[in-house]
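See below for the structure under consideration.
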Amino acid sequence: MNYLAHAYLSFNNDQVLLGNMISDFVKGKKQFLYPPEIHKGILLHRAIDEFTDFHPATQKAKSVFRADYRLYSGAFTDVVFDHFLAINKTEFADDGLYRFSQETYKKLGRQQAQMPELFKRMFYYMQSENWLSGYQTREGIYQSFGGLVKRAAYLHDSAPAIEIFNRHYIFLGDCFNEFWRELKNFAFNKYKELMNDT
């Protein structure tokens with residue numbers, strides 16, 4: 001899953017939120033340098049990613065990107081699943097996504113001193129361009145695809161991803177719906193396990 005899902009699956013715990021969001025920027029033993037609840041957020045992020053990667057619905061979604069993007073098919077699927085979470089009215093009714101996004105930026109902003117430098121630089125753009133709310137629009141997804149290509153060493157064009165996203169839109173939405181409730185339950189149980197582990 002991408003940034004919106006990881007933020008949402010932090011269960012209103014500010015330090016877990018930070019760990020969940022910075023996890024990909026924390027390598028090796030550096031994870032143990034963080035306070036306990038931030039470290040638990042890092043571990044939660046990694047458990048969510050592992051559950052996501054091996055879920056049958058994710059495998060089906062990745063299959064439509066694989067011919068064009070090979071090892072990056074999972075990264076495009078993560079962005080797509082954030083789109084379907086963003087438009088999910090059960091999770092975000094009315095202006096719920098906007099309010100959640102703004103609250104997330106505030107919680108993260110108060111913890112900038114704990115952010116890895118690369119994430120801190122990215123967070124500036126995440127907040128100023130409101131990435132989390134942007135996932136609800138197709139234009140926001142196109143921009144996310146473009147950013148993914150820009151950051152990837154061996155990718156050069158997001159146009160095929162856009163075409164795949166639009167052509168398989170209903171199929172990808174069905175994959176997300178098959179997967180989301182199971183992920184949410186898994187993440188909550190993992191969160192409780194981590195918080196009870198002293």
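Rounded to the nearest 500, what is the chain's calculated 222 nm mean residue ellipticity when only DSSP H runs of at least 4 contribute -39500 (n - 2.57) each, over all residues?
-23000 deg cm²/dmol
Based on the mean of other Cβ atoms within 10 Å per residue, sort peptides 137-150, 107-120 so the most packed one is first.
Numbers: 137-150: 17.1, 107-120: 14.5.
So the peptides 137-150, 107-120, ranked by packing, come out 137-150, 107-120.
According to a simple spin-label model (label point 7 Å from Cα along Cα-to-Cβ), what is the distance in nm between Phe25 and Asn185?
If labels sit at Asn185 and Phe25, their model points lie 3.4 nm apart.
Just check the stretch 1-122 against the gyration tensor rule for me: Cα atoms, a ≥ b ≥ c as the square roots of the eigenvalues, rounded for a/c under 1.5, and otherwise prolate or oblate depending on whether a/b exceeds b/c. If you can, show how the numbers build up before the last one.
Numbers: a/c = 2.00, a/b = 1.25, b/c = 1.60.
Oblate, since a/c reaches 1.5 and b/c is not below a/b.
So how strong a dipole does the stretch 61-165 carry about its Cα centre when Lys and Arg Cβ are +1 and Asp and Glu Cβ are -1, to the nearest 20 debye? Spell out each step's value before the answer.
On the way: 13 positive and 12 negative charges, 73 e Å.
The dipole magnitude comes to about 360 debye.
Let me know the charge dipole size of the stretch 3-196 about its Cα centre in debye, to the nearest 20, where only the beta-carbon of Lys, Arg (+1) and Asp, Glu (-1) is charged.
In total the dipole reaches around 500 debye.
Measure nothing but the geometry: give the 0 to 90° angle between the long axis through the Cα atoms of 117-128 and the longest principal axis through the Cα atoms of the chain, rounded to 10°.
Rounded to the nearest ten degrees, it is 60.
Note the full-extension length gain between Asp53 and Arg66 as 0.36 nm times their separation in residues minus their Cα-Cα distance, in nm to one decimal.
3.3 nm
Could you derive backbone 3J(HN,Hα) for the stretch 34-45 from the dihedral phi with the Karplus parameters 6.51, -1.76 and 1.60 (θ = phi - 60°), listing whole Hz in sequence and x where the residue is Gly or Pro?
Couplings: 8, x, x, 6, 5, 4, 5, x, 4, 5, 4, 4 Hz.
Any idea what the dipole of the stretch 78-135 comes to, in debye rounded to 20, about its Cα centre with Lys/Arg Cβ at +1 and Asp/Glu Cβ at -1?
For the stretch 78-135, the charge dipole is close to 280 debye.
Please list 3J(HN,Hα) in residue order for the stretch 142-158, calculated via the Karplus relation 6.51 cos²θ - 1.76 cosθ + 1.60 where θ = phi - 60°; whole Hz, with x for glycine and proline.
For the stretch 142-158, the Karplus curve yields 4, 5, 5, 4, x, x, 4, 4, 4, 7, 7, 5, 10, 10, 9, 8, 8 Hz.
Any idea which of Asn12, His168, Ile141 is furthest toward the positive side of the dipole for the chain, if Lys and Arg beta-carbons carry +1 and Asp and Glu beta-carbons -1?
Going by the charge dipole, the pick is Asn12.
7 Å from Cα along Cα→Cβ at both Ala159 and Gln102: what's the point-to-point distance in nm?
3.9 nm
Taken together, the values in this text are just the output of simple stated rules run on the coordinates, not laboratory data. All figures in this text were calculated on a predicted structure; none of them were measured in a lab. Methodologically, a virtual Cβ is constructed for each residue, glycine included, from the backbone with ideal geometry; neighbour enumeration extends over all protein chains shown.
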